[in-house]
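Okay, structure first, notes after.
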């Protein structure tokens, strides 16, 4: 059986770090071209939890809007085409979130 695997020949990749506070904010203000998605990793030195979700994401305070929790060192990959759709809020000020856009 022959399988055809799609290959991305544009080699688009961008990586950056954002500081996440206790107010929900988009992780990116500029458009980054995404073909595969957005990878997120909470810095291993973080003392709090970062919550990932839509613009109304909350940090463990409201069951209906609490985001996906990332403790220190945890990661998440989202198959999205625009990182501006991803919002983050933290349980403590000045948490670091590493982002890779592929």
### Message
Counting just the Cα atoms, what span does the range 33-77 cover along each of its three principal axes? Round to the nearest Å and put the largest first.
### Response
33, 25, 11
### Summary
Taking N as the residue count of the chain, its alpha carbon Rg divided by 2.2 N^0.38 Å gives 1.16
### Task
Report the relative contact order of the chain, percent, no decimals, based on alpha-carbon pairs under 8 angstrom and at least 6 residues apart.
45
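Only the coordinates and a few stated rules stand behind these numbers; no lab work does. What you see is a predicted model; the values in this text were computed from it and never measured.
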